[in-house]
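Asker: Here it is: the structure, laid out below.
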Amino acid sequence: MGSSDFYIEEFVDRRFIVSLRGEWTFDNASAIEQSLKTLSAPASTDVEFRCAGLRRIDLTGAWLLYAKSLEMEAEGFKPEFSGFKDTHFKFLHQVIDQPHPEDPGIEDKEFTFLARPMAALGRTTTHAISDIGQMAAMGLDGLRRPSPVTFRETINQLYEVGLKAVPIIALMSFLIGVVLAYQASTLLTQLGAGAFTIDLVAISILREMGVMLTAIMVAGRSGSAFAASLGVMKLNEVNEEVDDMLIMGLPPNGTLVLPRVLGLVVALPLLAALSDLCGIAGTWFMSVTLLGLSSAQFFDRINDAVTLDTVMVGLSKAPFFALIIGAVGTLRGLQVKSSAEELGRQTTRAVVEAIFLVITADAAFSIIYTELGI
Amino acid sequence: MPESVISVRGLVNKFGRNMVHDGLDLEVKQGEIFSIVGGSGSGKSVLLRSILGLQRPISGKITVLGMPIRPGAELPYRHWGVLFQHGALFSGLTVRENVELPIALHSSMGQHTRSKLASLKVQMAGLPSEAEDKVPSELSGGMVKRAALARALALEPRLLFLDEPTAGLDPIAAEEFEDVILYLRESLDLTVVIITHDLDTLYSLSDRVAVLVDGKARTGTLEEVATMDHPWINSYFNGVRARVIRTTESVV
């Protein structure tokens with residue numbers, strides 16, 4: 001007859017007797033489970049669990065024993081218990097014998113290979129459509145019912161997303177100017193077209209690079225901040241700030257969304273203009289130090305290469321980029337519902353989608369302006 | 001003589017010039033339900049945080065289950081369970097996963113057993129089985145408390161802390177909750193420490209009570225404490241609400 005640290009098996013008068021011993025506790029759960037696996041009674045005998053020799057049993061231990069007895073019942077035995085303090089068991093009876101809901105059946109397997117991706121595509125599409133609708137609704141609602149603090153909040157946001165971004169954007173743009181000028185002059189000189197370095201760099205910065213890199217920087221800086229701060233406000237259980245605004249009569253769209261988007265729409269073109277200036281400054285720095293031009297020659301070249309249109313083409317895109325960044329950031333923030341993970345996910349989405357959409361929009365603008373011949 | 005489960009000696013906590021605990025002594029014995037009461041700002045939460053090793057006191061010696069408590073040191077993780085006031089469930093996990101987590105951390109049970117045991121605990125705390133797969137944000141306040149209780153009980157703790165267990169529950173839910181706790185004490189030989197404002201909970205559960213006043217703890221049975229001579233204690237235990245509760249209890 002087998003035995004283990006937790007029980008001894010024996011036969012007495014055609015009865016299969018399992019005498020429990022040792023500590024049937026949480027700490028020993030795995031060991032008990034292992035040893036119970038080897039316990040099996042010979043067919044058509046009476047089974048009795050004797051519990052008097054137990055040193056200690058807690059709920060986990062009682063549960064393991066109970067589960068084993070249920071298993072044996074299913075095999076046709078009628079296990080009996082003796083010497084058991086019944087508090088644990090009475091309780092287990094109550095709990096375990098409740099009917100359990102069945103697992104929902106898995107849908108027809110044959111078509112899942114097609115159905116899954118189709119369903120995912122459908123979901124993505126409907127989500128995208130509803131996102132756009134939600135953005136429009138948020139914006140319109142914000143405009144229709146501006147809150148008493150809209151103006152003050154907008155100024156606040158201008159400071160947060162605009163003024164505070166000045167140093168980093170200035171530095172970044174200056175360095176871009178330096179790098180572009182350096183690379184362009186090396187390459188163009190090899191081709192015998194070194195004189196066009198300034199034309200190339202100035203046009204790329206003013207038309208494309210300045211505004212786009214600024215938008216990307218702002219998407220990373222402020223898009224994430226929008227999503228995270230609105231997301232925390234929305235997290236229920238933590239603080240029901242948005243609900244609180246609603247019951248106070250402070251429209252959330254006018255208070256949270258509109259000032260952020262407006263702040264960005266004003267700030268981004270200004271930051272882009274700053275970026276243009278600093279980019280050109282970087283180019284100038286390289287031209288004077290590396291290309292050996294004088295400042296007067298540099299500005300002559302700039303005057304020849306660049307018109308007001310070049311600058312305006314670049315800057316005209318900024319408000320649209322700002323709308324994209326602001327709308328995506330605030331929307332993703334307000335879509336946070338339940339968990340800390342979701343907050344992180346929505347913040348990531350806010351940044352990634354804003355940057356992606358900015359670049360897509362830039363491509364569209366590029367085509368439009370080329371078609372228009374500007 | 002029942003052994004002492006928690007012992008606090010000469011605890012001092014101070015925030016700036018605000019003395020919260022001024023040489024507080026406390027003793028909780030094996031198997032009792034011990035309540036801690038006190039006005040707002042009397043240092044109930046700070047006391048709990050000190051006992052749990054979440055807060056470094058200025059001075060004082062704390063022992064829980066024979067282990068000295070120091071922030072950052074090894075704590076009796078395996079043998080205590082805590083029900084925080086707002087549940088403190090992990091927001092990204094379902095109820096069952098919340099309960100499974102401590103089991104996975106402190107045992108070598110297989111995945112299947114672990115999840116079955118977690119379901120058992122969830123049901124034990126009085127939650128319907130369809131709640132197991134929900135995340136905390138889909139639960140009502142009372143359900144969050146029950147789920148948190150299930151998690152606190154996951155490791156078959158010897159010592160259970162309940163921070164305002166019935167706050168935010170309606171009276172019927174609070175009573176059910178108290179029943180669950182009484183039942184658990186009876187069948188699992190738990191020691192329970194309750195921080196509460198709720199006079200009903202105080203009267204229906206506690207074996208002994210500590211009242212925090214003037215930075216110290218005045219400890220005794222309910223009768224002993226209620227007759228102590230201190231303005232706050234007098235107004236707390238002899239206020240109208242307290243008298244109503246006591247008369248109804250003695251009628252029953």
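The values are calculated or read from the model by the stated rules, or taken from the named source; none is laboratory data. Note that the coordinates shown come from a computational prediction; the quantities given were computed from them, not determined experimentally. Positions of Cβ are backbone-derived with ideal geometry, glycine not excepted, and every protein chain shown enters the neighbour counts. We work out accessible area using only protein heavy atoms, side chains counted, and drop any ligands, DNA or RNA first. Shrake-Rupley method; radii C 1.70, N 1.55, O 1.52, S 1.80 Å.
Asker: What are the residues in segment B:126-142 that are more than 10 Å from chain A (Cβ to nearest Cβ), assigned to a helix (DSSP H, G or I) and either closer than 16 Å to residue B:100 by Cα or at pLDDT 85 or above (or both), if any?
Answerer: B:131
Table: residues versus (1) touching an Asp or Glu at 6+ places or on another chain (Cβ under 7 Å); (2) at pLDDT 90 or above; (3) surrounded by 14 or more Cβ atoms within 10 Å (Cβ to Cβ); (4) more than 30 Å from residue A:285 (Cα to Cα).
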{"site": "A:112", "(1), (2), (3), (4)": "no, no, no, yes"}
{"site": "A:125", "(1), (2), (3), (4)": "no, yes, no, yes"}
{"site": "A:131", "(1), (2), (3), (4)": "no, no, yes, yes"}
{"site": "A:159", "(1), (2), (3), (4)": "no, yes, no, no"}
{"site": "A:163", "(1), (2), (3), (4)": "no, yes, no, no"}
{"site": "A:169", "(1), (2), (3), (4)": "no, yes, yes, no"}
{"site": "A:174", "(1), (2), (3), (4)": "no, yes, yes, no"}
{"site": "A:178", "(1), (2), (3), (4)": "no, yes, yes, no"}
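Asker: Please go through segment A:16-36 and give me each residue that is open to solvent by 10 Å² or more (accessible area, probe 1.4 Å) and more than 11 Å from chain B (Cβ to nearest Cβ), ordered by number.
Answerer: A:19, A:21, A:22, A:23, A:35 - these are the residues of segment A:16-36 that are open to solvent by 10 Å² or more (accessible area, probe 1.4 Å) and more than 11 Å from chain B (Cβ to nearest Cβ).
Asker: Can I ask one more? Within segment A:188-210, can you find the residues that are surrounded by fewer than 20 Cβ atoms within 10 Å (Cβ to Cβ) and either on the phi > 0 side of the Ramachandran plot or not hydrophobic (A, V, I, L, M, F, W, C) (or both)? Break it down stepwise before answering.
Answerer: Going residue by residue through segment A:188-210, those that are surrounded by fewer than 20 Cβ atoms within 10 Å (Cβ to Cβ) are A:188-196, A:199-200, A:203-204, A:208.
Those that are surrounded by fewer than 20 Cβ atoms within 10 Å (Cβ to Cβ) and either on the phi > 0 side of the Ramachandran plot or not hydrophobic (A, V, I, L, M, F, W, C) (or both): A:189, A:190, A:192, A:194, A:199, A:204, A:208.
Asker: In this structure, does residue A:270 turn out to be closer than 20 Å to residue A:163 by Cβ, touching a residue at least 24 places away in the same chain (Cβ under 8 Å), over 24 Å from the mean Cα position of the chain (by Cα) and open to solvent by 70 Å² or more (accessible area, probe 1.4 Å)?
Answerer: Details: closer than 20 Å to residue A:163 by Cβ: yes; touching a residue at least 24 places away in the same chain (Cβ under 8 Å): yes; over 24 Å from the mean Cα position of the chain (by Cα): yes; open to solvent by 70 Å² or more (accessible area, probe 1.4 Å): yes.
The answer is yes for residue A:270.
Asker: Looking at residue A:290, is it at pLDDT below 90, of a type outside the set (D, E, K, R), open to solvent by 60 Å² or more (accessible area, probe 1.4 Å) and in contact with a helix residue (DSSP H, G or I) (Cβ under 7 Å, 6 or more places away or on another chain)? Can you show your working first?
Answerer: Values: at pLDDT below 90: yes; of a type outside the set (D, E, K, R): yes; open to solvent by 60 Å² or more (accessible area, probe 1.4 Å): yes; in contact with a helix residue (DSSP H, G or I) (Cβ under 7 Å, 6 or more places away or on another chain): yes.
Yes: the conditions hold for residue A:290.
Asker: Do the conditions hold for residue B:72, that is, is it assigned to a loop (DSSP other than H, G, I, E, B), away from every other protein chain (no Cβ under 14 Å) and out of contact with any strand residue (DSSP E or B) (no Cβ under 9 Å at 6 or more places or on another chain)? Outline the logic, then answer.
Answerer: Details: assigned to a loop (DSSP other than H, G, I, E, B): yes; away from every other protein chain (no Cβ under 14 Å): yes; out of contact with any strand residue (DSSP E or B) (no Cβ under 9 Å at 6 or more places or on another chain): yes.
Yes: the conditions hold for residue B:72.
Asker: Is there a residue in segment B:38-52 that is more than 14 Å from chain A (Cβ to nearest Cβ), open to solvent by 30 Å² or more (accessible area, probe 1.4 Å) and part of a helix (DSSP H, G or I)?
Answerer: At the first step, the residues of segment B:38-52 found to be more than 14 Å from chain A (Cβ to nearest Cβ) are B:38-52.
Pick out the ones that are also open to solvent by 30 Å² or more (accessible area, probe 1.4 Å) and you get B:40-41, B:45, B:49.
With the extra rule that they be part of a helix (DSSP H, G or I), the set shrinks to B:45, B:49.
Yes, that holds for at least one residue.
Asker: Open to solvent by 10 Å² or more (accessible area, probe 1.4 Å) and assigned to a loop (DSSP other than H, G, I, E, B), is that true of residue B:56? Break it down into steps so the answer makes sense when it comes.
Answerer: Details: open to solvent by 10 Å² or more (accessible area, probe 1.4 Å): yes; assigned to a loop (DSSP other than H, G, I, E, B): yes.
The answer is yes for residue B:56.
Asker: If you take the residues of segment A:321-346 that are within 14 Å of chain B (Cβ to nearest Cβ) and under 21 Å from residue A:137 (Cβ atoms), which of them is modelled with the lowest pLDDT?
Answerer: Restricting attention to segment A:321-346, the residues satisfying the condition of being within 14 Å of chain B (Cβ to nearest Cβ) are A:335-346.
Within this subset, residues satisfying the condition of being under 21 Å from residue A:137 (Cβ atoms) are A:335-337, A:346.
Values: A:335: 88, A:336: 87, A:337: 79, A:346: 93.
For segment A:321-346, the residue satisfying everything is A:337.
Asker: Quick one: which residue in B:122, B:82 is closer than 30 Å to residue A:31 by Cβ and in contact with an Asp or Glu (Cβ under 6 Å, 6 or more places away or on another chain)?
Answerer: Numbers: B:82 fails: in contact with an Asp or Glu (Cβ under 6 Å, 6 or more places away or on another chain).
Within the list B:122, B:82, the selection yields B:122.
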